[in-house]
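Enquirer: Here it is: the structure, laid out below.
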Amino acid sequence: MLKIHGIAKSRAFRCIWAAEEAGLAYEVIPVGFGPELKANVAAVNPNGKIPALQDGELTLFESLAINLHIAGKRGAPLMPAGDDGSRVLQWTLWAATEMEPAIMQWAYNTYIRPADQRDPGQAKAGAEAAAQRLLVLEGHLARGPVLVGTGFTIADLNLASVLYGAWLNGFDFGPYPRVKAWLDACLTRPAALAARKQREG
Ligand SMILES: N[C@@H](CCC(=O)N[C@@H](CS)C(=O)NCC(=O)O)C(=O)O
């Protein structure tokens, strides 16, 4: 049984979605935000953040690495082998290092921080940085409706989960119709809906 430490209203959402997608049994160990977070999660994540995963003797942090592990347990098609497996790693690292910092800069300054702590200039800079990357993604999706190969993989899940908050909170994906269609499809898969129900109610 996978143990996912965190709550659905955190990046643990990504891991819940991955476990649902893989069809693996999991339990959410509820660790929420607040002053006690660091102490509550210290045994499983030295960074004092959620999520963390326990799978038998293995303990992992980093949501997208956790997802690669979950998908690896299921294997293809969620985690393909060979060159497509390498492409999955590429898009996952791109999600974490290129897209997430940009979209989170926008998110913190539009809907996450309290209104009086938001900086419109930072929101604009984040949106512009995200736009550059969304153009790359829009170009890539001309090859077909998924990131890698011909079917949904953990690469789609990892990148879509990074964009999920923006998708839900009014980021304008209009200029990127292929990205919009791909996101809509990813985020309405049955496994995504099951995870979203835990987060959105
Ligand atoms: N790169 C990490 C980021 C983890 C992270 O920042 N988690 C947030 C919740 S979504 C957290 O625990 N924040 C509390 C804090 O930073 O003190 C991952 O993807 O797992």
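The values are calculated or read from the model by the stated rules, or taken from the named source; none is laboratory data. Bear in mind that the values here come from a model prediction, so they are computed numbers and not experimental data. A quick note on method: Cβ atoms are made from the backbone with ideal geometry, for glycine too, and the neighbour counts reach across all protein chains shown. Side chains are part of the model used for accessible areas, which takes the heavy atoms of the whole protein and leaves out ligands, DNA and RNA. Shrake-Rupley method; radii C 1.70, N 1.55, O 1.52, S 1.80 Å.
Enquirer: Which pairs break 27 Å Cα to Cα here: K3/K180; K9/K180; K38/K124; K3/K49?
Expert: Details: K3/K180 32 Å; K9/K180 23 Å; K38/K124 32 Å; K3/K49 15 Å.
From the list (K3/K180; K9/K180; K38/K124; K3/K49), the Cα-Cα distance tops 27 Å for K3/K180; K38/K124.
Enquirer: Apply 1/(1 + (r/R0)^6) to the Cβ-Cβ distance of D119 and A39, taking R0 = 35 Å, and write down the FRET efficiency to the nearest 0.05.
Expert: Values: r = 31 Å, r/R0 = 0.88.
E between D119 and A39, to the nearest 0.05, is 0.70.
Enquirer: OK, next. Quick one: check the C-alpha center-to-center distance for segment 65-88 versus segment 175-190, whole angstrom.
Expert: Result: 21 Å between the Cα centres.
Enquirer: In debye, nearest 20: dipole of segment 1-41 around its Cα centre with unit charges on the Cβ of K, R (+) and D, E (-)?
Expert: Details: 5 positive and 4 negative charges, 36 e Å.
That gives segment 1-41 a dipole magnitude of about 180 debye.
Enquirer: Would you work out if segment 49-146 is rounded, prolate or oblate? Take a ≥ b ≥ c from the square roots of the eigenvalues of the alpha-carbon gyration tensor; rounded if a/c is under 1.5, else prolate when a/b is larger than b/c, oblate otherwise. Walk me through the intermediate numbers first.
Expert: Values: a/c = 3.61, a/b = 1.40, b/c = 2.57.
Judged from the Cα gyration tensor, segment 49-146 comes out oblate (a/c at least 1.5, b/c at or above a/b).
Enquirer: Amide H to amide H, which residues 5 or more places from V31 or on other chains are under 5 Å from it, using H placed in the peptide plane?
Expert: Amide H to amide H, under 5 Å and 5 or more residues apart or across chains, V31 pairs with G6, I7.
Enquirer: Convert each backbone phi in segment 52-63 into a coupling constant with the Karplus relation 6.51 cos²θ - 1.76 cosθ + 1.60 (shift: θ = phi - 60°), then list the ³J(HN,Hα) values in order as whole Hz, x for Gly and Pro.
Expert: 9, 10, 10, 10, x, 7, 8, 10, 10, 10, 6, 3
Enquirer: Residue separation times 0.36 nm, minus the C-alpha to C-alpha distance between D83 and K3: what's the value?
Expert: On the way: separation 80, 0.36 × 80 = 28.80 nm, distance 3.02 nm.
Gain on stretching D83 to K3: 25.8 nm.
Enquirer: So what's the projected area for the chain, the Cα convex hull averaged over all directions, in nm²? Intermediate results must be reported in sequence, preceding the final value.
Expert: Numbers: hull surface 45.0 nm².
Dividing the Cα hull surface by four gives the mean projection, 11.2 nm².
Enquirer: For segment 2-74, what value does the Rg/Rh ratio take when both radii are computed over Cα atoms and Rh is the Kirkwood radius, given to two decimals? Walk me through the numbers on the way to the answer.
Expert: Working: Rg = 11.1 Å, Rh = 11.8 Å.
Dividing the radius of gyration by the Kirkwood radius yields 0.94.
Enquirer: Rounded to the nearest percent, how much of the accessible area of segment 96-190 (1.4 Å probe, protein heavy atoms only) is carbon and sulfur?
Expert: Numbers: 2400 of 4270 Å².
Within segment 96-190, the accessible surface is 56 percent carbon and sulfur.
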